[in-house]
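This report concerns only the one structure given below.
What follows is calculated from the coordinates using simple rules that are stated; it is not laboratory data. Because the structure is a prediction, the values reported are computed rather than measured. Quick reminder, even Gly has a Cβ in these numbers, built from the backbone with ideal geometry, and neighbours come from all protein chains shown.
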Amino acid sequence: MADTRSELVQGTLEMLVLKTLALEPMHGWGIAQRIEQLSHDVFLVTQGSLYPALVRMKRRGWITSSWRITENNRRARYYALTAAGARRLEQERASWHRASSAVNDILRANVIPATA
Amino acid sequence: MSTLSDLWARFCSVILRGREERELDEELRFHLAMEADARRAGGAAATDVDRQSRLALGGVERTKEDVRDARGTRLLDDSLRDVSYAVRTLARSPGFALVVILTLALGIGGTTAVFSAVDTVLLQPLPYQEPGRLVRLYQHGATKPGDRGVVTPVHFLAYRRSLSSFEHLAAVLTYSTTGEDLTGGDRPERIQVLPVSADYFDVLRAQPVLGRGFEENEENGAPSVILSHDLWERLYHGNPGAVGQALVMSGTPFTVVGVMPAGYTDPMAPGVAAWVPLDLRPGLDASNVDNHYLDVIGRLRPGVTLARAQAELDALGATLARQYADASDMRASLYSLKEDVVAPASRSLKLMLGAVGLVLLLVCVNVATLLLVRGSARSHEFALRAALGGMRGRLVRQMLIECLVLAVAGEIAGLVLARLAMSAIVTLGAGSVPRLDALTMNPGILWFSLAVATASALVFGLLPALRAARAQPIDALRAEGRALAGAQGQRHVRSGLVVAQVALAFVLLVGAGLLIVSFHRLRSLDLGVKPDQALVFELHLPEARYDFTARARFYEDVTTNIEQLRGVRAAGGITRLPATGPYHVWGTTPLTGPNAGKEHGGIGAQQRVVSGEYFKAAGIPVLEGRAFDARDDASVPRRAVVSTTAAAQLFPGVDPIGQRLRTGGFDWEVIGVVADVALDVEGRVAPTVYHAHAQFVGDRNWALTQVVSTSGSPEALLPAIRRTIAAMDPALVLYRPMTMADAIGAGTAQRRLTLIVLASFAAIALLLAALGLFGALSYSVKLRSREFGVRMALGADRGAIRRLVLRQGLVVAVAGVMIGVGGALALSRVMASMVFHVQPLDPGVLAGAALFILLVGAAAAYLPAHRATAVDPRSILQ
């Protein structure tokens, strides 16, 4: 299987985690899986970037965590979105839309050579 | 909010470090297991799954490191490491750490405890509404404006009627005879009762929680009583139905009309249990303009100043002087009640405050010296670490933390010490210093002393580190030995600090020495009585069962019965014991002799009523004529015995026996002269006129304190005396039995409190100075040990080096003492009002203090000198 997956665009991991948790509380492995699935296996979420990000987001009060039993009977730390996290997600979504549509506008533009 | 939760999360992760790590571990293992499951489900070979998963996920340790960083606890982690490093460093020099901690603890503990006492007693307002408007009114003779004398009822009633400056004016009778017996319980009990005029509680703005206050129409001896909250709880178990019930006091039923709120403290008599209406009917003593016995307090109308009220009082006084010729030279003065209540204690408390300030200063100097010396000693270490690439910021931070650890340890110990010292002060001062029972720790001074201590620890601890951080490491390393002994400048700073320590300690020592000498002179003062082998107790006869003939008979009988007990030399009673202060100061005029009929021939004389063989029992010699005996009863003309001073003032130059005088509304013939006795514990003497109880019993229900002199131990006699009195009347209370020495020594309790506090301060100061001196000298000797080694190796005599070090120490001590003498000179003005029978610059005290300091200095210098020369020079030079 040729690996066509790539690292996340810089700075989007937190937004994607928040989005994932907006659907339902989830453990770290599940979050990584969900992001990979939803991106149709384009994005790769490594544990080396995921767990530090989760700790940072928890510190900022966007998510909370608790230990629960998974469906196949393992103990796992589940993360859930807080109200502050939901607000943060909206902000990030809005600024992402602004930024990406701006980038798209630039890329779509027909470049007219500057002529005299 | 998010910052807060962030801090909280960081804090938790430091505290819960172990748990966080375990959980992270478990979380990552779970991740691995899920990855492996997924791979197995995808059909991977079972044997290889784990390895593949691990490879796919990347380094676990690296992830953990990143997670730890993400927790944001690095700074805290480092600080914790610094703290534990600091504790380990300090533990390597436990002597130094202990001395600094002890110094801080003594300073903070002593300062906080004593200042709290000063604040509670001196600086806090009276616990009543608008205390600034409360005043005290005193009468005094026209020629003695500073005197604070009690007031006659005639004047009080005139003031209350006419003065418009006052919202309320009230009188109370605080004489210690105002007690009543409660005989309803299992055994007779005596409580303190305060007779007050109707608006007394209005003046204080303190109203009963149950029932009512007194009305003016009850100022006729009406049998009404207001109970303190405590007494109400004790007698009626908090039952509101108590109001309206009858309470039998000394055989007379009183109606309970009110109950005061819990926590109400009376400014005039703090231990009082009940209040009764003051009897102000004309015709009793109340019509006598020469009979001073009322304490008068008032509340000024809003906006009226003390000066305006005084002016109105002066104008009224002039009118009254014309109206009453007998009291024409009486004046009255107003004082702020707060100043008046605390006046007796204020001097000693201010002195303590000064002592506290000196000790705190000494603590700072001491801590500074110790830290600077230690800093110099470690400059080599700092330089080495800087040279090896240690970050300077880190070095300074570490010193900061070391100082903080010291400061916090010292401060915790200080708080503990403050608590202990405060309960000790309350115990020592109970009863003699007003309002001390309300003592609480003052948060202001606590924070102040904590701040001062922390600041001095930080500043003087950081200075050497900062200097080391600035300096070029190579210079410091090259200079080694010489730099360690301290550059000239540093050494001067250190010596200066040690000199300051010695000077401060000297001043405190002189202050304490003067008070100790004063106290000793006070205790060995001849009061004119023999208090050591006498027992005293009070007996109060209830008027309901004892009319005046019965009282006259009882007081003579009780003396006769007690004198029959084995071991009793003599027994007698008196209205107020010697050396316990003025009492019944009445205008007394000679009717015969050279001063008879002269305008200023009269004097204010202390009046005492005596029974039995009082003079013999108290050890007062009869110098001329005779003492009272059975002949002097109601059937013969009134007779008086006078003191030497009274005789000299009333009848100068003539034989006093047979002369006649007038006092208390009667004429008296002098039949004897007795030696003077002290009026108070300071040995002051006042003219005194004695009356026989049997002749004066009709005047009022005199409460006689019985004095029984014995050949053995006074206490051993008590059971026999109790039996004797119970046989005469089982319902009587033998009130407050104690040795006469204790009874008249009570006046010295406040002085003793001051003395103990000051003496402990002096001891602390001396200890601190000795520690500082020892610490500074021993360090500098240690730093110069290389130099000494070289000198000895080159043939220097050990003795010469010892003398050098010793001389250095003594020079510092002598310089400190010389500066200290200047301080003592400045102190002498304050001390002049505190000392007793000793000069504020008593040469003996000064010399003693100096000798003490020099001895301590010599010892502090000798030990390090001895140690410095006891070593083998080769071991140092290697």
Inset, instruction - Give me B:818, B:249, A:15 ranked fewest to most by other Cβ atoms within 10 Å of their Cβ, as a rough exposure proxy. - result: B:818, A:15, B:249
Inset, instruction - Quick one: work out Rg over Rh on the C-alpha atoms of segment B:513-602, Rh as Kirkwood radius. - result: 1.11
Inset, instruction - Calculate how steeply helix B:94-118 sits against the longest principal axis of the alpha-carbon atoms of chain B, using the helix alpha-carbon long axis, and give the answer as 0 to 90 degrees to the nearest 10. - result: 30 degrees
Inset, instruction - Could I have the simple spin-label model distance between residue B:718 and residue B:634, label points 7 Å from Cα toward Cβ, reported in nm to one decimal? - result: 3.5 nm
Inset, instruction - Could you list the trypsin sites (Lys or Arg not before Pro) in segment B:620-672 that lie in coil according to DSSP, counting only those with at most 12 other Cβ atoms within 10 Å of their Cβ? - result: B:631
Inset, instruction - Quick one: give the max-minus-min coordinate of the C-alpha atoms of segment B:608-732 along each principal axis, largest first, in Å. - result: 48, 35, 23
Legend entry - Under the Karplus curve 6.51 cos²θ - 1.76 cosθ + 1.60, θ = phi - 60°, whole-Hz ³J(HN,Hα) for segment B:812-827, x wherever Gly or Pro sits: 4, 5, 5, 4, x, 4, 5, 5, x, 4, x, x, 5, 4, 5, 6
Inset, instruction - Provide the per-residue ³J(HN,Hα) series for segment B:557-566, in order, calculated from phi with Karplus coefficients 6.51, -1.76, 1.60 and θ = phi - 60°, each as a whole number of Hz, with x at glycine and proline positions. - result: 5, 5, 5, 4, 5, 5, 5, 7, 5, 5
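Under the 0.36 nm per residue contour assumption, what length would be gained going from the current alpha-carbon distance of residue B:321 and residue B:130 to full extension? Walk me through the intermediate numbers first.
Numbers: separation 191, 0.36 × 191 = 68.76 nm, distance 3.29 nm.
That works out to 65.5 nm of additional length.
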Legend entry - segment B:106-168 - Rg (one decimal) and Dmax (whole number), Cα, Å: 18.5, 56
Inset, instruction - Only helical DSSP H runs with n ≥ 4 go in: add -39500 (n - 2.57) per run for chain B, normalise by residue count and round the 222 nm mean residue ellipticity to 500 deg cm²/dmol. - result: -18000 deg cm²/dmol
Legend entry - Calculated FRET value between residue B:50 and residue B:85, using beta carbons and R₀ = 25 Å, to 0.05: 0.05
Inset, instruction - Subtracting the Cα-Cα distance from 0.36 nm times the residue separation, let me have the gained length for residue B:763 to residue B:863 in nm, one decimal. - result: 33.9 nm
Inset, instruction - Do me a favour and compute the ellipsoid semi-axes for the protein assembly as shown from its Cα gyration tensor, root of five times each eigenvalue, largest one first, whole Å. - result: 81, 43, 26
Legend entry - Qualifying GluC sites (Glu not before Pro) in segment B:564-666, DSSP loop, other Cβ atoms within 10 Å at most 12: B:599
Legend entry - Globularity index of segment B:198-267, i.e. its alpha-carbon radius of gyration over 2.2 N^0.38 Å: 1.06
Legend entry - Amide hydrogen neighbours beyond the local backbone of residue B:707, cut-off 5 Å, H modeled: B:572, B:573, B:574
Legend entry - Gain in span if fully extended, residue B:143 to residue B:560, counting 0.36 nm per residue against the direct Cα distance: 145.6 nm
Inset, instruction - For segment B:788-878, take the alpha-carbon Rg, divide it by the Kirkwood Rh, and send me Rg/Rh. - result: 1.25
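Viscosity 1.002 mPa s, temperature 20 °C: what is the translational diffusion coefficient of chain A from Stokes-Einstein with a Kirkwood Rh over Cα pairs, rounded to a whole number of µm²/s? Don't jump to the answer; show the numbers that get you there.
Details: Rh = 16.0 Å.
Estimated diffusion coefficient is 134 µm²/s.
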Inset, instruction - Would you please give the FRET efficiency between residue B:423 and residue B:736, computed as 1/(1 + (r/R0)^6) with r the Cβ-Cβ distance and R0 = 25 Å, to the nearest 0.05? - result: 0.50
Legend entry - Over chain B - Rg/Rh using Cα atoms and the Kirkwood inverse-distance radius: 1.14
Inset, instruction - Give the residue from B:76, B:593, B:353 lying farthest towards the positive end of the charge dipole for chain B; charges sit on Cβ (+1 for Lys and Arg, -1 for Asp and Glu) and the dipole is referred to the Cα centre. - result: B:76
Legend entry - For residue B:702, net neighbour charge (Lys/Arg +1, Asp/Glu -1) across residues whose Cβ lies under 11 Å away: +3
Inset, instruction - Calculate how steeply helix B:306-323 sits against the longest principal axis of the alpha-carbon atoms of chain B, using the helix alpha-carbon long axis, and give the answer as 0 to 90 degrees to the nearest 10. - result: 10 degrees
Inset, instruction - Using DSSP to define loop residues, name the trypsin sites (Lys or Arg not before Pro) in segment B:528-566 whose beta-carbon has at most 10 other beta-carbon atoms within 10 Å. - result: B:566
Inset, instruction - Answer with one residue from B:464, A:84, B:536: the one whose Cα lies farthest towards the positive end of the charge dipole of the protein assembly as shown, charges on Cβ with Lys, Arg +1 and Asp, Glu -1. - result: B:464
Legend entry - Mean Cα-pair separation over length for chain B, i.e. relative contact order, pairs under 8 Å, 6 or more apart, %: 15 percent
